[in-house]
Structure formats: structure tokens, C-alpha cells
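Chemist: This is the structure I want to talk about, given as C-alpha cells.
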Amino acid sequence: MSLKIIPGHRHYPLLERWIAPLAKRLLPRRPVLWRFARKRVGWPARLRMVHLSDLHCAAWTTESFVCSVVERSLAERPDLILWTGDFFHSSLGEMRRIMPLFRELHQAVPTYGVLGNHDYDDDVDAIRAILEDCGIRLLCGEVVSLDIGGLRVRLGGIEDYYTMGRPVPAELFPREGCDFRILLSHQPSYVRQLPPNAVDLMLAGHLHGGQVRFPLVGPIYLPQMRGFEFLGKELCVVEGNPVHTSQGLGYTLLPLRFRCPPAISVIEIVPAAETVEAVRECAAEVV
Ligand SMILES: [Fe+2]
């Protein structure tokens, strides 16, 4: 399907180019790792996922930072790389400069992804082509079945829900015929559209961890002034659906972060002897 959406977000390419030299010197040189594990009863093996999000390829995105993301991700020896959108920031040229640097990672590990709201700010067909050329299998309202070392994983993905409005196919939800159900959605709040207990893990992005987080005050730089409940936690559980929201790798509008570094999430599902509910232990329940 060919789809082009008129740009809906304002960018300032001249400002971006002007501040990029300074930003390149000041921004973090490498991402931090945000690592957590969940236990699951009857689980036969370890499933390790690297979750990347919100790169926002811009003039201040350096090759050395991207190489560090690739290096740290490969070092985790993941079974899957999962992207949750917002690759684009201001120009296709920046995407063509940056995204091929991920090819080594995507060729080494099966990689899936979904688009975010910013990926519709330019020619979305060209953006899809760049991403697929560097080895990302994009899920646009699709569900795929994977066999990972004998584990039957069902993986679904939707484009940015508030741009496209297309829900994930219900074929993702049945427990029968698979060991683990994963949903990729750029918007964490999409979890509220799901039926109860529909997925075993949902991965999301969009919020950038708040980007600027002051003590006591909290995040002040969210892409939208909602979604605070998804910040700073490994998992939030909404009606039985656990959602992890990435802190993101890039920057929205301006290259600012404070007490909220760019991050790679590393998520493991490991065997447990306790009850099946152990997979959700320590998770905050959000009503
Ligand atoms: Fe973003």
C-alpha cells in the first residue's frame, strides 16, 4: 500500500545544523543499558530481547554513538532486536547517513520494528525502504510466528496508532499455539485499547523517558503531556498486559536530556519454578 502523509510536525533544519557541532561535543557518547528479567513457569529456555526506540536521526546523531549502540546490542547476544519507531527526525538524508550503520546488527540478529508518529513526517514509503534496506522487517498491522530455539513466539506490530488508527490483528491474542505473545506499538497508551490479558509483553517508545527530569519536579519534556505512568518503570501492567516503555536513543525537537540518558533496554524471559504470575512480579499495576 502506498501512503504519504503531509508533514505534521515542525522541524527547524537551519537551527539543527547550527547547533549540531556543539551538540555533538556535549551529548552522551554511548547509551546506558536498562536491563531486567522476568521469570516464567514452564519456560524451557532463555529469551533475550534488545529493545531500541526513538533514534530520531538528526544532524547531531554521530556515527560513533550509533556504533556504540550496535556494539553494546551485539554484546548482549540477543535472540531478537525490536524497534518501536521514530527513526526520522528532520530529513531523509540523515536517515540515509545513519541507518545503514545498523546493518551489521540487523544481519546478525532477527530484527523487527514498527513506525512512530515522526516517521510519517516525510515520505513514509522512502522511510520504509531505508529501514527495510538496512534489515528491519517492519510490521504494519501484522502478526508473525517465530521459532526461537524451539520457543514459539508470536509477534505483532502496529504503526503509530494515533496516526494510522489501525488496531493490531486479534490473531495475536490467543494463548493456544504459542509460548509468548509480544506486541510492538510506538505509543504506550495503546495498551488501553487491548483486551485484558491479550499479550505477554508489549514494547513501546514515544515518551523518551521525559528527556529532562528534575528531582521532585519530574519529567518536563515529554512529546506529549500524558503518559507519566509509563515512565521510570521496567513494566506497567494494564489489565493484565505488561508494557515496557523505552527511554529512547534520541531527542525530540532539541538535543536536550537531563538525568535521563539515551538507553538500550535488554529484556530477558527466564525459567522459573514459581507460579506463572511470577512473570509480572514487581510490576506496577496501572488502573
Ligand atoms: Fe520519539
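Chemist: Looking at (1) part of a loop (DSSP other than H, G, I, E, B); (2) in contact with a Ser or Thr (Cβ under 9 Å, 6 or more places away or on another chain); (3) under 22 Å from N117 (Cα atoms), which one does L203 not meet, given that it meets all the others?
Modeler: Failed condition: (1).
Chemist: How about region 165-209: which of its residues are free of Cβ contacts under 8 Å to residues at least 12 places away in the same chain and either within 16 Å of the ligand (Cβ to nearest atom) or more than 20 Å from D121 (Cα to Cα) (or both)?
Modeler: A170, P174, R175, E176
Chemist: Let me ask another. Q247 versus (1) surrounded by 16 or more Cβ atoms within 10 Å (Cβ to Cβ); (2) free of Cβ contacts under 8 Å to residues at least 40 places away in the same chain; (3) not small (G, A, S): which is the lone unmet condition?
Modeler: Of (1) surrounded by 16 or more Cβ atoms within 10 Å (Cβ to Cβ); (2) free of Cβ contacts under 8 Å to residues at least 40 places away in the same chain; (3) not small (G, A, S), only one is false for Q247: (2).
Chemist: Does region 45-56 include one or more residues that are touching a Gly at 6+ places or on another chain (Cβ under 7 Å), closer than 30 Å to C178 by Cβ, away from the ligand (no atom under 16 Å from the Cβ) and not in a helix (DSSP H, G or I)?
Modeler: yes
Chemist: Can you name every residue in region 81-137 that is at positive phi and either surrounded by 23 or more Cβ atoms within 10 Å (Cβ to Cβ) or in contact (Cβ under 8 Å) with a residue 60 or more places away in the chain (or both)?
Modeler: G85, D86
Chemist: Right, something else. I'd like the residue in region 138-161 that is within 28 Å of P271 (Cβ to Cβ) and β-branched (V, I, T) and, out of all such residues, is surrounded by the fewest Cβ atoms within 10 Å (Cβ to Cβ).
Modeler: As a first pass, look at region 138-161 and keep what is within 28 Å of P271 (Cβ to Cβ): 139, 143-157.
Pick out the ones that are also β-branched (V, I, T) and you get 143-144, 148, 153.
Values: V143: 18, V144: 14, I148: 17, V153: 20.
Of everything passing the filter in region 138-161, V144 is surrounded by the fewest Cβ atoms within 10 Å (Cβ to Cβ).
Chemist: With the condition being within 16 Å of the ligand (Cβ to nearest atom) and in contact with a Cys (Cβ under 9 Å, 6 or more places away or on another chain), I'd like the helices (runs of 4 or more DSSP H) fully within region 79-144 carrying at least 3 qualifying residues.
Modeler: In region 79-144, 92-98 are the helices (runs of 4 or more DSSP H) which contain 3 or more residues that are within 16 Å of the ligand (Cβ to nearest atom) and in contact with a Cys (Cβ under 9 Å, 6 or more places away or on another chain).
Chemist: Moving on. Against the conditions (1) more than 16 Å from the ligand (Cβ to nearest atom); (2) in a loop (DSSP other than H, G, I, E, B), where does T61 fall short? Just the number, please.
Modeler: (1)
Chemist: Next up: On the given criteria, is R152 in contact (Cβ under 8 Å) with a residue 40 or more places away in the chain and among the charged types (D, E, K, R)?
Modeler: no
Chemist: Scan region 145-200 residue by residue and report those that are in a strand (DSSP E or B), among the hydrophobic types (A, V, I, L, M, F, W, C) and over 17 Å from the mean Cα position of the chain (by Cα).
Modeler: Passing the criteria: L146, I148, L151, V153, F180.
Chemist: Out of all the residues in region 46-56, is one or more over 15 Å from the mean Cα position of the chain (by Cα) and crowded, with 22+ Cβ neighbours inside 10 Å?
Modeler: For region 46-56, residues over 15 Å from the mean Cα position of the chain (by Cα) and crowded, with 22+ Cβ neighbours inside 10 Å: present.
Chemist: Continuing with this model, one more query. Considering (1) at pLDDT below 95; (2) in a loop (DSSP other than H, G, I, E, B); (3) within 16 Å of the ligand (Cβ to nearest atom), say which one E16 fails and leave the rest.
Modeler: (2)
Chemist: Kindly establish whether S265 is under 16 Å from the mean Cα position of the chain (by Cα) and either in a loop (DSSP other than H, G, I, E, B) or at pLDDT 95 or above (or both). Don't jump to the end; show me each part of the working.
Modeler: Numbers: under 16 Å from the mean Cα position of the chain (by Cα): yes; either in a loop (DSSP other than H, G, I, E, B) or at pLDDT 95 or above (or both): yes.
Answer is yes for this residue.
Chemist: Residues of region 182-200 being crowded, with 22+ Cβ neighbours inside 10 Å and over 30 Å from P255 (Cα atoms), which ones?
Modeler: Listed by number, the residues that qualify are I182, V199, D200.
The values are calculated or read from the model by the stated rules, or taken from the named source; none is laboratory data. Small disclaimer: the values here were computed from a predicted structure and weren't measured. Virtual Cβ from ideal backbone geometry, glycine too; neighbours counted across all protein chains shown.
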